[in-house]
Amino acid sequence: MINIIDNNLKAFVSDKEIDIQKDKAKKAYSQLISRGYKGNDFLGWLYLPKENIDILDSIKDRAKSLAKISELVVVIGIGGSYLGARAVIEALGNSMSYLDYSVGNPLVIYAGHHIGEDYMTDLLSILDKKEYSLIVISKSGTTTEPAIAFRILKSHLEEKYGKFESQNRIVAITDKSKGALRTLADNENYDTYSIADDVGGRFSVLTPVGLLPISVAGIDILELNRGALDMQKICFENQDFENNLAIKYAVLRNALYAKNYKIEVLVNYLPSLTYLTEWWKQLYGESEGKDKKGIFPAGVSFSTDLHSMGQYIQDGERHLFETMLWVKESNSELKITEDDANLDGLNFLSGKSINEVNEKAYLGTILAHNDGNVPIIRIEIPKLTPYYLGQLIYFFEFACAISGYMIDVNPFDQPGVEDYKNNMFALLNKPGFEDLQKRLLERL
């Protein structure tokens, strides 16, 4: 089971201050479980691990069929439509798979997550030479970035394979009954999976949105879901601070927020967890950042960033706290060898595993940053496996909902995201945006 260690916080928040946040968390928990508060029409994610059991075999079968005909599978989506899948795939996959994707499971790559012309040009040059398929993910089918990518890649696929074979190489994950992508998928006879109306994008990793790409990559989605299911049981069956990890995390971070620690830095100690950090940043930033409230989510990768951002964290403005992710056991072991010349002076490490050294970097950083007056929450993960990743995902989602309610925002909407889109549409001469375009051009 994943675990939270909070003994580094005693110098920063008192028991009384923790108790205040416990009361808020208790109220937030009741609001969430009763489905009677803000955003209650977007709580379908709460029950996904149990509801998924009936569809997991179907997803695995479709993933296998895509794998048989593909060296590459391109996942087209933005935000929650790709970040969750990418977080799991990069956490559990071979770090060097991009160097050899001709053997084993297809390499999952991504498009539609930005508007990069050179990226798309480079991607098409690779797809000219490789067998590939597409998974396109969009509830509406009209979100600009993935819609542009899908239009270009669909055309390339049909030119390469022909219309009939292309239909078998495209899977659409979209609304069950409406929207541009649903209409296209029905007209073109694509295989489809539905995105439930009551599950928002950043909470969708445990739906087909995340599960199909993850399964294509060869990761055991049954184990991923089992871990999430076990964490769901813990979150539903325990309302107290000590036994519900999600409540504990929400309480600790909000106790720090109340003391003016307004930036949370999620720290990972493995490069494979970089995209888990990116997924977490979207989950918390988009859920809490509204009504001029919310902790700003940032991320670093140690020990790499100890040689850059570590300086600021140690000695800079005291407005941040760290949440450190530590994986206790590696999936492999590599020991440091003896060297006769010992010119680098590292023979004192001979016989130790790389993970042993990394652990001491982790512990040494905790001590150094505490000396620099940085509060630290520690989340320890027994091992990087699908089961424990499933636990971690559901834990973060549940804690995010509790935390959002504790500061009295709706954690399930994102009104600010629409502002840039409207401005972009106006500047691109989209019909219906003429008045806005005039006002924007005057400002520019």
Quiz prompt | Which numbered condition ILE214 misses (of (1) part of a helix (DSSP H, G or I); (2) surrounded by fewer than 21 Cβ atoms within 10 Å (Cβ to Cβ)) | solution = (2)
Quiz item: Across segment 274-309, which residue is most open to solvent (accessible area, probe 1.4 Å) among those that are touching a helix residue (DSSP H, G or I) at 6+ places or on another chain (Cβ under 8 Å) and under 20 Å from GLY364 (Cα atoms)?
Solution: THR304
Quiz item: Which residue pairs have Cβ atoms closer than 6 Å, lie 6 or more positions apart in sequence or on different chains, and pair a first residue in segment 294-316 that is under 13 Å from ASN268 (Cα atoms) with a second residue that is hydroxyl-bearing (Ser, Thr, Tyr) and assigned to a loop (DSSP other than H, G, I, E, B)?
Solution: PHE302/TYR269
Quiz item: Could you count how many residues in segment 112-139 are outside any helix (DSSP H, G or I), among the small types (Gly, Ala, Ser) and exposed (fewer than 15 other Cβ atoms within 10 Å of the Cβ)?
Solution: 1
Exercise. State yes or no: is ALA401 part of a helix (DSSP H, G or I) and under 30 Å from PRO146 (Cα atoms)?
Key: yes
Quiz item: Hey, does segment 51-64 have a residue that's at pLDDT below 95, open to solvent by less than 20 Å² (accessible area, probe 1.4 Å), closer than 19 Å to GLY210 by Cβ and in contact with a Gly (Cβ under 9 Å, 6 or more places away or on another chain)?
Solution: no
Quiz prompt | Extreme residue, least open to solvent (accessible area, probe 1.4 Å), among residues of segment 410-440 that are among the charged types (D, E, K, R), at pLDDT below 90 and part of a helix (DSSP H, G or I) | solution = LYS421
Quiz prompt | In segment 317-335, the residues that are open to solvent by 90 Å² or more (accessible area, probe 1.4 Å), in a loop (DSSP other than H, G, I, E, B) and either touching a residue at least 60 places away in the same chain (Cβ under 8 Å) or farther than 16 Å from VAL374 by Cα (or both) | solution = ASN331, SER332, GLU333, LEU334
Quiz item: Can we say ARG443 is at pLDDT 90 or above and loosely packed, with under 15 Cβ neighbours inside 10 Å?
Solution: yes
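Of all residues in segment 140-162, which are in a helix (DSSP H, G or I), touching a residue at least 24 places away in the same chain (Cβ under 8 Å) and not charged (D, E, K, R)? Please lay out each step first, then the result.
Start the filter on segment 140-162 by keeping residues that are in a helix (DSSP H, G or I), which leaves 144-161.
Next cut, touching a residue at least 24 places away in the same chain (Cβ under 8 Å) only: 144-150, 152-153, 156-157, 160.
Within segment 140-162, THR144, PRO146, ALA147, ILE148, ALA149, PHE150, ILE152, LEU153, HIS156, LEU157 meet the criteria.
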Practice problem: Can you give me the number of residues within segment 252-264 that are farther than 15 Å from PHE396 by Cβ, in contact with a Phe, Trp or Tyr (Cβ under 7 Å, 6 or more places away or on another chain) and open to solvent by less than 10 Å² (accessible area, probe 1.4 Å)? | Solution: 1
Self-check item: Flag for GLU338 being out of contact with any strand residue (DSSP E or B) (no Cβ under 8 Å at 6 or more places or on another chain) and either among the aliphatic types (A, V, I, L, M) or part of a helix (DSSP H, G or I) (or both)
Solution: no
Self-check item: Residues that are in contact with a Ser or Thr (Cβ under 6 Å, 6 or more places away or on another chain) and open to solvent by 10 Å² or more (accessible area, probe 1.4 Å), drawn from segment 353-409
Solution: ASN355, ALA361
Quiz item: Which ones in segment 342-398 are within 20 Å of ASN225 (Cα to Cα), among the aliphatic types (A, V, I, L, M) and assigned to a helix (DSSP H, G or I)?
Solution: LEU389, LEU392, ILE393
Quiz item: Which one is farthest from LYS139 (Cα to Cα) among residues in segment 189-211 that are open to solvent by 30 Å² or more (accessible area, probe 1.4 Å) and of a type outside the set (Val, Ile, Thr)?
Solution: ASN189
Exercise. Return a yes/no flag: does segment 229-250 have any residue that is open to solvent by 20 Å² or more (accessible area, probe 1.4 Å), modelled with pLDDT of 95 or more, part of a helix (DSSP H, G or I) and over 30 Å from ILE407 (Cα atoms).
Key: no
Quiz prompt | Residues of segment 278-293 satisfying the condition of being in a helix (DSSP H, G or I) and touching a residue at least 40 places away in the same chain (Cβ under 8 Å) | solution = GLU278, TRP279, TRP280, GLN282, LEU283, TYR284, GLU286, SER287, GLU288
Exercise. Among the residues of segment 140-163, write down those that are open to solvent by less than 60 Å² (accessible area, probe 1.4 Å), small (Gly, Ala, Ser) and over 22 Å from the mean Cα position of the chain (by Cα).
Key: GLY162
Exercise. Give the residues of segment 1-29 that are modelled with pLDDT under 95 and either of a type in the set (Lys, Arg) or under 23 Å from ASP41 (Cβ atoms) (or both), sorted by residue number.
Key: LYS10
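The values are calculated or read from the model by the stated rules, or taken from the named source; none is laboratory data. No experiment lies behind these values; they were computed from the predicted model shown. Quick reminder, even Gly has a Cβ in these numbers, built from the backbone with ideal geometry, and neighbours come from all protein chains shown. What goes into the accessible areas is simple: the full protein's heavy atoms, side chains included, and nothing from ligands, DNA or RNA. Shrake-Rupley method; radii C 1.70, N 1.55, O 1.52, S 1.80 Å.
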